[in-house]
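Before I ask anything, let me first share the structure, which is written out below as structure tokens.
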Amino acid sequence: MAKLKRAIGQLSLSVEDTATLERYARGRTVSQALALRARIVLRCATGDRQCAIAEELGVTDDTVRKWRSEERRVGKECRSR
């Protein structure tokens, strides 16, 4: 029997935050790590399940969980690192 993953609440992003993250996700001058983090956070904001996001982006569930919780904890401050 497949292990069920619990649903985690959807992130709320402001229009400004969404625009910034989309710019990072498409950016050619940002680090690949920042672009991936932006894609993860944007997908989390759509309410998709963690395992679906991880599979689509080629990362682990733990990576998605890390950036979802980091975004909730500190918001845009985590993007300024």
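Would it be correct to say that Ala38 is open to solvent by less than 30 Å² (accessible area, probe 1.4 Å) and either at pLDDT 90 or above or out of contact with any Asp or Glu (no Cβ under 6 Å at 6 or more places or on another chain) (or both)?
Yes: the conditions hold for Ala38.
Ok, one more. Only residues in the range 62-73 that are touching a residue at least 40 places away in the same chain (Cβ under 8 Å) and within 10 Å of Ile40 (Cβ to Cβ) count as the first member; pair them with residues that are open to solvent by 60 Å² or more (accessible area, probe 1.4 Å) and of a type in the set (Gly, Ala, Ser), Cβ under 6 angstrom, at least 6 apart or cross-chain, and list the lot.
none
Where the second residue is part of a helix (DSSP H, G or I) and modelled with pLDDT under 95 and the first is among the polar types (S, T, N, Q) and lies in the range 31-57, which pairs have Cβ atoms under 6 Å and are six or more apart or on separate chains?
Pairs found: Gln50/Asp61; Gln50/Val64.
The values are calculated or read from the model by the stated rules, or taken from the named source; none is laboratory data. Quick caveat: nothing in here was measured; it's all calculated off a predicted structure. Note that each Cβ is placed from the backbone with ideal geometry, even for glycine, and that neighbours are counted across all protein chains shown. Ligands, DNA and RNA are stripped out before the accessible areas are found, and what is left, the full protein with its side chains, is counted by its heavy atoms. Shrake-Rupley method; radii C 1.70, N 1.55, O 1.52, S 1.80 Å.
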